[in-house]
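Where a number appears in this text, it was derived from the coordinates with a stated rule and is not lab data. Fair warning: this is a prediction, and the values are worked out from it, not measured in the lab. As a convention, Cβ positions derive from the backbone with ideal geometry for all residues, glycine included, and neighbour counts pool all protein chains shown.
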Amino acid sequence: MNRWAYLLARILQMIPTLVVIMILVFALVRLLPGNPAVAILGDRVTDEAVARVNQELGLDKPLPMQFWIFFNRVIRGDLGESINLKMAVTRLIGDRLPITLFLTAYAGLLAAVMAIPMAVLSALKRGTWIDNLIRAVFQIGLSLPVFYVSLQLLTVFGAQLRWFPVGGIGPTPASNFYFLFLPALSLGFYMAAILMRSLRASILEVLTSDYVSFARAKGIRPRLVLTRHVLRNAMISTVTLFGLSIGQLMGGAVITETVFAIPGVGRLMVDAIFGRDYAVVQGLTLAFAVVIMVIFLLTDLAYTVLDPRTKVA
Amino acid sequence: MSSSTVNVGAATVVRRKRLTVKPTMILGIGIVATALLMAIFPSLFATHDPNKFDYGAILQAPSAAHWFGTDNFGRDVFSRVVHGARTDLQIALFTTLFPFIFGTLIGALTGYFGRWLDAIFGRIVDVVMVFPFLILVIAIVAMLGPGLKNMFIAVSIVGWVYYARLVRGETIVQKRSDYVSAAKVMGYSPTRVVFRHIFPNAVTPAVVYWMTDMSLGILLGASLGYLGLGAQPPTAEWGVMVADGKNFMTTAPWISTFPGLVLTAVGVGFSLVGDGLADILRPK
């Protein structure tokens, strides 16, 4: 089986999971008390509108039938309409998702920049005060709430020192490296804490392995042993963890986007909740799950590239 | 477990090495114990009524009279932080208790009996893991309505899968061990084997995770409180208090800063206890 066949198999495996996700998202709106049509349309609606939505969603039909209608609509890319923004939910997501994806990727990048050198230093200086200091800082990072870090960074570097804007996004995509620096940093710090712990542990494990002793015995320069042998192998487990935490990072974007007034899908979700815009909440929940599934798939592929042992023969 | 041999006359006695508790764990226990005391006996610590408005003393900086300053209603921030301990520790307990009980039970049953039970729950676990935890919880809270009780329900619906995964994996390992075969040979019923023999051994990682999860629970509860989906004002809850002060960050930063620091410290406390427990309970 070559890599393409493996990819195809992995994509096929995603289908049953996707169906269960759709059942879950479908069930979500049924948690609402009262008639879903009224919930979707808002309180001040005419009887005709309710009747029309009842008809469209098939709310007068049995549940399996309702799900089938929902399923067909989603397959065609129809997630309903936002009552507050008067726009198709699919278009809303299309407009705002790139911002959140950029923020998440940027945060992930900053997390790697913070975590990798610190993990290497911490592992090489194991047991010294440097190691203890780095671990203490990241231990605190694990318990620092994202909303709190965001608020403090915003106040100090945005409002007081005026080094960075106090919110919003830049006029061009490239300017967002500057505009979204603080939000990405507050989001990335938490992830850096998770990565640092894992990477440090893996480096310590790899350092004691036979092939590293062998590489050293061959007389390979220590720097080369570190980058080519130790780091490459230690990174494997961390890449998986990285992929898995991207999901949590996207969840965190809900908070950062709210604090920094960034018009991404996270803030859209919070606004939709307070605006009782249930079609948007439902559509976004589905969109988040699909994005995460794709990221998991990419992580899997990265894993097979990095670790020759998982190469499918 | 490391051991040392001591010669006593002709006999050789194997003595277990004394359990050493790491200083970081003691620090963690200290923090958690203090927070617990504040939650149970807030009046021992609080200097003022946490909810009393005092328009003669609004937005005052920290001083001898008001250790953490006062907010825009003249409420004493220190006393509110103390009373917040009750809400936030309650969050730590109720966001994790049901997931722990239900998750470990499901994990043990699916791990031992496998087959269709495992297939059904395995699928559910897969799906829940695909969602960002926070997104799923706030989506459920959005449907049920904001508030502490609905937040507990939402977290419980989602949180058990992590425990189930842990205990399922451990149960599968234990199932293959000799003592389980012995118990089966003795003719014990499957229920007895699962709950009397396997469960006490398989539950350890879940207990360790529980401590870490309490720290995550507090963070989650405070985040939802900050967004306005968790505890509702005027309840003293640390996340809500940070949100209350967010418009005064440049003029009266103490309103948000102190509750946030205490929140972080208690989170660190729980995870230090969790790490320490992991070292003690997990044989290397």
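Computed from backbone phi with θ = phi - 60° and the Karplus coefficients 6.51, -1.76 and 1.60, the 3J(HN,Hα) list for the stretch B:166-183 is 4, 6, 4, x, 5, 5, 4, 5, 5, 4, 7, 7, 4, 5, 6, 4, 4, 4 Hz; x is used for glycine and proline.
With the convex hull constructed from alpha-carbon coordinates only, the stretch A:190-313 shows a mean projected area of 10.2 nm² over all directions.
Selection among B:ALA202, B:GLN232, B:GLY245 by position relative to the dipole of the protein assembly as shown gives B:ALA202 as farthest towards the positive end (Cβ unit charges, Cα centre).
In chain A, the longest principal axis of the Cα atoms and the axis of helix A:129-143 are about 10 degrees apart. With the helix formula -39500 (n - 2.57) applied to DSSP H stretches of n ≥ 4, chain A reaches a computed 222 nm mean residue ellipticity of -24000 deg cm²/dmol. For chain B, the longest principal axis of the alpha carbon atoms and the long axis of helix B:77-94 meet at an angle near 30°. Checking every one of the chymotrypsin sites (Phe, Trp or Tyr not before Pro) in the stretch B:30-110 against DSSP loop status and a limit of 16 other Cβ atoms within 10 Å picks out B:PHE53, B:TYR55, B:TRP67, B:PHE73.
Rounded to the nearest 20 debye, the dipole magnitude of chain B is 1340 debye, with +1 charges on Lys and Arg beta carbons, -1 on Asp and Glu beta carbons, and the Cα centre as origin.
As a rough guide to protection, the peptides A:140-153, A:106-119, B:229-242 ranked by mean Cβ packing within 10 Å, highest first, stand as B:229-242, A:140-153, A:106-119.
Relative to the longest principal axis of the Cα atoms of chain B, the long axis of helix B:204-227 makes an angle of roughly 20 degrees. Note on the stretch B:200-246 and the stretch B:60-119: Cα centroid distance 4 Å, given to the nearest whole angstrom. The residue list A:LEU306, A:ASN176, A:ALA192 was ranked by how far each Cα lies along the charge dipole of the protein assembly as shown toward its positive end, using unit charges on Cβ atoms, and A:LEU306 comes out on top. Sorting A:270-282, B:80-92 by average packing, meaning the other beta carbons within 10 Å per residue, from highest down gives B:80-92, A:270-282. With a ≥ b ≥ c taken as the square roots of the eigenvalues of the C-alpha gyration tensor of the protein assembly as shown, please select rounded if a/c is under 1.5 and otherwise prolate if a/b is larger than b/c or oblate if it is not? Verdict is rounded for the protein assembly as shown.
Every Cα-Cα pair in chain A was counted, and those over 32 Å apart are 43% of them. Summing Cβ point charges (Lys, Arg +1; Asp, Glu -1) relative to the Cα centre of the stretch A:3-75 gives a dipole of roughly 460 debye.
When only alpha carbons are used to place a centre, the stretch B:249-284 and the stretch A:95-120 end up 24 Å from one another.
Computed about its Cα centre, the charge dipole of the stretch B:63-192 is approximately 420 debye, with only Lys, Arg, Asp and Glu carrying charge at their Cβ.
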